[in-house]
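The values are calculated or read from the model by the stated rules, or taken from the named source; none is laboratory data. Just so it is clear, the model here is predicted, and its values are computed rather than measured. Using ideal geometry, Cβ is built from the backbone for each residue, glycine included, and neighbour counts are taken over all protein chains shown. Surface areas here come from the heavy atoms of the whole protein model, side chains and all, with no ligands, DNA or RNA. Shrake-Rupley method; radii C 1.70, N 1.55, O 1.52, S 1.80 Å.
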Amino acid sequence: MNITKNTEAERLNFWERMYLPEIARGLGLTFRQMFKPSFVRQYPEEKWEPTGSYRGRPVLVAEGNDERCVACGLCARVCPALAIQVQASETLDLSKERFPVLFEINMLRCIYCGFCEEVCPEEAIIMSKDYELVFKSQKEAILGKEQLRVPVEQLQDRLEFLRQYR
Amino acid sequence: MPNIYIDGKKVEAKDGQTIIEAAFQNGINIPHFCWHPELSVSGNCRMCLVEVGMPKKFADGSIERDENGHFVVGYFPKLQIACSTQISDNMHVKTVSENAVKAQESVSEFILINHPLDCPICDEAGQCKLQEYAFNHSRGESRFEETKNHNVKRVSWGPNVIFDGERCITCSRCIRFSNEVANQEVLTFAQRGDKVTIQLFEGTQLDNPYSMNVIDICPVGALTSKDFRFKSRVWDMSFNESICNSCGKGCNIKVGVRNNEVLRIEPRPNHYVNNHWMCDYGRLNPIDKINEKRVLSPMVKVNGKLSDTTWDNAISTAIEKLKKFKPSEVMFVGSAFATNEDNYLYSKFVKTVFKSHNLDSFVYINESFADKKLRVSDKTPNSTGMKEIYGNTNTHGVEISLLKEKIDHHNIKAIYIIDDNFASKTDFIPYLDKLELVIVHSSNHNAVTDRAHIVFALSNFAENEGTITNINKRVQHFAPALTTKENLRFMGMKMSRLDKFGANNDRWTNHDTRDTKAIWSVIQKIANSFNANWSFSSVKDVFEDLTHHIESFKGMTYNSLKEYQGLVLGKGTNPDKKVKNYESHYMKP
Ligand code: SF4
Ligand code: SF4
Ligand code: SF4
Ligand code: SF4
Ligand code: FES
């Protein structure tokens, strides 16, 4: 069935149908912008520093030589994308009992939902400000424990954010 | 038979039963920690508190009824524990009344007072009875603000068991199991009040052959296995139903797998075989055999060296070489390690297709392995079924000295072995070198495969489907727990989350999938080249054929075997009564 009533052409008034004045209006907008201050960022020379609320790649909180993680596997369980793999082992020291011998996040799977951070009972995995993730192969995108460990000092913004808003 | 009323529902009970037993038999679950149907009643956890009442009676003994003819029930002012209160006729029990629930929640809160908030680092998490009850039978919060008691941790109780005193809720199941089932009295309560804990007697160890069962029945994570501790979260694993392969008893088991690797074996209840238990040997011994030193693909000896080849090539080489020998020149060694189906098709091939009379098997008896509980001296899982199928009645198996003689005199020039490594027959192994052809189906590299000309990579019991017949003539079905290239699409196999959703770029799914095959499928191909014209498409078909040809298997099907947890030879259509299985706590899917 062809629609013949209330078409686009019928709805336009005379000047709109003339088309040219509209072009002039559009160009006018563009010209005006040229004289306003620009807010283009010269990325990558100029980098953006996100705030604590930003959810960049998940990292493991390292305190000295140790990570806080107790390899409970809850992050791996909750991760909707099945990005995390944790293998536990026994510690020598009794109070902590276990630690991760293997901790891997497949960044091709991760969807930056932050569930792992939310579920972690030790505040051991948190979302960082790191958004620059470039990989040359699928294998490279699986980050191991060494690549995931970030000293607690560098993560203060996020920890502070979590303390306030969680 | 006395009748009792549980939550208003009339249920039948037996004389002498306790409330919890009567409820369990009728599908009503009363929360409990210390009660276990196979152990004596200890009544110490108080989790099973219920309201109990009896109909009021007049002075002359007649029962009082209200205007509708219902009983007028007088409930006892104090709650009773269901696990040690015996039933009597017309007893009324309320398990979910306000008072009962309040009491159960209070007990739960009380038990949790000194229980650490440890679930994330506790191996039991995910299959813990206390965790489950903390969800279902507790207020959901604690009013206890003081510091929790500390206790001993990581104490070795013996070669296989580790104890964590902080997680223990002192239910005494472990003590009762050791005393009553394993008959090793080494455990006891020590201290009192909130310091109470479980200890070994000075200088003793929990080292009986059944010690690891305490790990299963412990309702919390206080007892863990040295072997499995921290290896995997249970929710990452799949548990498939299988039968233990380590002796002739055929204990029912679950095989726990992650990333196509067996990590743990645990018992599965079967009233007619192993009740709730299994021995430590059966748990630990198969794991390495399944995971390590495996024959990963078929091999053929070229220029004196075994090298990997394709299945087609291995099978056609075997056919070509077998055809060079007269039927009487080939010795066929059957196996009591192999399934009924494998042995059936093998013997059918030998007798009706290859037309040889040289079919027998080796016997593995170890008297020192046997005890009066589960373990039996026959170290093979399927000797009863195999003998039934071969129709032979001798108990000593192959006459080794006679066989050696025949080999020396070149009466026997070739040997075909299914699933046997001649482990305790070391003096026979050198004789393999004297033969012109040695064909073996083997799952592991061993002295026999080293000497073989053709090796067929064999799926072992964790990768196979089939039936085996235990020493008490019970035919039991088992399903695969691991995937191989052959059974990749096995229907109904339980898989873990990781198995289901793994992709190629996940390291945890990049396990090896072994290129192994079951015996029957290879035998079928060989037989067909001798014009047998068989067309079994699955092991189920083979079993069906078997039940039509071997009298004592008549009437059995895979479905009925599964449904009745095994059928006895000769009673295929007359199964033992079904028994309600009790499982204390397990991983919920
Ligand atoms: S952020 Fe989300 S998707 Fe990424 S690892 Fe954590 S839970 Fe998984
Ligand atoms: S949830 Fe936290 S403690 Fe547990 S494994 Fe993940 S990072 Fe480690
Ligand atoms: S025993 Fe159960 S409740 Fe206790 S810490 Fe372990 S999982 Fe949690
Ligand atoms: S160790 Fe386990 S089975 Fe033994 S008393 Fe403690 S909680 Fe009960
Ligand atoms: S189950 Fe009844 S007191 Fe423990």
(message) Could you list, ordered by first residue, the pairs with Cβ atoms under 8 Å in which the first is in region B:504-528 and within 13 Å of residue B:318 (Cβ to Cβ) and assigned to a strand (DSSP E or B) and the second is at pLDDT 75 or above and open to solvent by 10 Å² or more (accessible area, probe 1.4 Å), at least 6 apart or interchain?
(response) B:517/B:311; B:517/B:486
(message) As an exercise: evaluate residue B:33 against (1) more than 29 Å from residue B:140 (Cα to Cα); (2) of a type in the set (Phe, Trp, Tyr); (3) modelled with pLDDT of 95 or more and give the number of the one condition it does not meet.
(response) (1)
(request) Considering only region A:122-139, state which residues are touching a strand residue (DSSP E or B) at 6+ places or on another chain (Cβ under 6 Å) and within 13 Å of chain B (Cβ to nearest Cβ). (result) A:124, A:125
(message) Please return the ranges of strands (runs of 3 or more DSSP E) entirely within region B:133-220 where 1 or more residues are of a type in the set (Asp, Glu) and away from ligand 2 (no atom under 16 Å from the Cβ).
(response) none
(request) For residues that are in contact with an Asp or Glu (Cβ under 9 Å, 6 or more places away or on another chain) and within 9 Å of chain B (Cβ to nearest Cβ), scanning just region A:89-121, find the one that is nearest to ligand 5 (Cβ to nearest atom). (result) A:97
(request) Might you let me know whether region B:177-199 holds any residue that is polar (S, T, N, Q), closer than 25 Å to residue A:90 by Cβ, open to solvent by 40 Å² or more (accessible area, probe 1.4 Å) and away from chain A (no Cβ under 14 Å)? (result) yes
(request) Would you point out the residue of region A:97-112, among those that are open to solvent by less than 10 Å² (accessible area, probe 1.4 Å) and over 13 Å from residue A:85 (Cβ atoms), that is nearest to ligand 2 (Cβ to nearest atom)? (result) A:98
(message) Can you find a residue that is within 24 Å of the chain's Cα centre (by Cα) and either loosely packed, with under 15 Cβ neighbours inside 10 Å or among the polar types (S, T, N, Q) (or both) anywhere in region B:528-537?
(response) no
(request) Find all pairs meeting these conditions: Cβ atoms under 8 angstrom apart; at least six residues apart or on different chains; first residue within region B:36-64 and within 14 Å of chain A (Cβ to nearest Cβ) and within 14 Å of ligand 5 (Cβ to nearest atom); second residue modelled with pLDDT of 95 or more and in a loop (DSSP other than H, G, I, E, B). (result) none
(request) Might you check whether a residue that is free of Cβ contacts under 8 Å to residues at least 24 places away in the same chain, within 30 Å of residue B:549 (Cβ to Cβ) and among the hydrophobic types (A, V, I, L, M, F, W, C) occurs anywhere in region B:354-367? (result) yes
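Does residue B:496 satisfy being surrounded by fewer than 24 Cβ atoms within 10 Å (Cβ to Cβ), within 14 Å of another protein chain (Cβ to nearest Cβ) and more than 15 Å from residue B:290 (Cα to Cα)?
When the stated conditions are applied, residue B:496 passes them.
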(message) Based on this model, can you work out whether residue A:143 counts as farther than 16 Å from residue A:74 by Cβ, more than 8 Å from chain B (Cβ to nearest Cβ) and surrounded by 14 or more Cβ atoms within 10 Å (Cβ to Cβ)?
(response) yes
(request) For residues that are open to solvent by 50 Å² or more (accessible area, probe 1.4 Å) and of a type in the set (D, E, K, R), scanning just region B:86-131, find the one that is nearest to residue B:2 (Cα to Cα). (result) B:89
(message) If the requirement is being modelled with pLDDT of 95 or more and more than 12 Å from chain A (Cβ to nearest Cβ), which of these qualifies: B:149, B:160?
(response) B:160
(message) in contact (Cβ under 8 Å) with a residue 24 or more places away in the chain, part of a helix (DSSP H, G or I) and open to solvent by less than 50 Å² (accessible area, probe 1.4 Å): is that true of residue A:160 in this structure?
(response) no
